[in-house]
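This report concerns only the one structure given below.
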């Protein structure tokens, strides 16, 4: 290969991939951004993870098999994994567009704020979020995009409506969602929702940028942001709907979740009640 051509190719490859650290700002944690590619689509899938091991690789493999990257850019929002699940060559091979790595405090809420800020800055028309533990039907991403294009501002995935599938769902989780979580969220939102613990959902750019919403606030640390965004759209007169999805828990072994049974569920209940009282609404 000609030496000058080789140098030119190396420069081109470096241009395609960029690495930058964004310092902490109000509502957004400090994070590192590794862009493997420029923005290609109008929509983006944000996948928050931390030490998901082979589960995230399996999920991304299913996404690749179903050509999800033909519809939306795929972005990993990492909370600081140390198990090798964000190894660069694997992510590139599986069509990940960008890796964001939180370098600050906070849990899921901070990871989502990091991803939402970056996605809005990049100019995406809509954002889809989905867990990275290989439980959700990531192949349904195009259906979320269809609803956003129809003018919906919040699109909630549900395994409990016609066409949805709840596979191997632990009994206590089923009861908690149907008898506690969904009724409280529905009352707060003034619209019926059936699967409100499900983080598989989509938001319009309009919704996230509305001054009455303001999702980029440090008050959202753990699961507050998911609960808040579940109700705020309909509270301010925006359109929301549910679409059927599949959530499949493994038949055997440990349930892939970051919520502990007693402590996690008591904290979740506290968040739901605060949310119902409007504690997270902008002042």
*When residue 180 is evaluated against the numbered criteria (1) assigned to a helix (DSSP H, G or I); (2) touching a helix residue (DSSP H, G or I) at 6+ places or on another chain (Cβ under 9 Å); (3) modelled with pLDDT of 95 or more, which criterion, by number, is the only one it fails?*
(3)
*If we keep just the residues of the stretch 79-108 that are within 14 Å of the chain's Cα centre (by Cα) and at pLDDT below 95, which is surrounded by the most Cβ atoms within 10 Å (Cβ to Cβ)?*
108
*asked:* Could you tell me how many of the residues in the stretch 202-231 are in contact (Cβ under 8 Å) with a residue 40 or more places away in the chain and either assigned to a loop (DSSP other than H, G, I, E, B) or surrounded by fewer than 19 Cβ atoms within 10 Å (Cβ to Cβ) (or both)?
replied: 16
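For the stretch 20-117, list the strands (runs of 3 or more DSSP E) that sit wholly inside it and hold at least 3 residues that are in contact with a helix residue (DSSP H, G or I) (Cβ under 7 Å, 6 or more places away or on another chain) and touching a residue at least 12 places away in the same chain (Cβ under 8 Å); which are they?
Numbers: elements: 31-35, 43-49, 73-78, 98-102.
Those strands (runs of 3 or more DSSP E) span 43-49, 73-78, 98-102.
Can you report the number of residues in the stretch 237-283 which are closer than 29 Å to residue 163 by Cα, assigned to a loop (DSSP other than H, G, I, E, B) and either touching a strand residue (DSSP E or B) at 6+ places or on another chain (Cβ under 7 Å) or at pLDDT 95 or above (or both)? Reasoning before the result, please.
Residues of the stretch 237-283 that are closer than 29 Å to residue 163 by Cα, as a first pass: 237-259, 261, 265, 268-269, 272.
Then drop every residue that is not assigned to a loop (DSSP other than H, G, I, E, B), which leaves 237-239, 245, 249-259, 261.
From the residues that got through so far, the ones that are either touching a strand residue (DSSP E or B) at 6+ places or on another chain (Cβ under 7 Å) or at pLDDT 95 or above (or both) too are 237-239, 245, 249.
The number of residues fulfilling the criteria is 5.
The values are calculated or read from the model by the stated rules, or taken from the named source; none is laboratory data. Nothing here was measured: the structure is a model prediction, and the numbers come from that model. Glycine also receives a Cβ, built like all others from the backbone with ideal geometry; neighbour counts cover every protein chain displayed.
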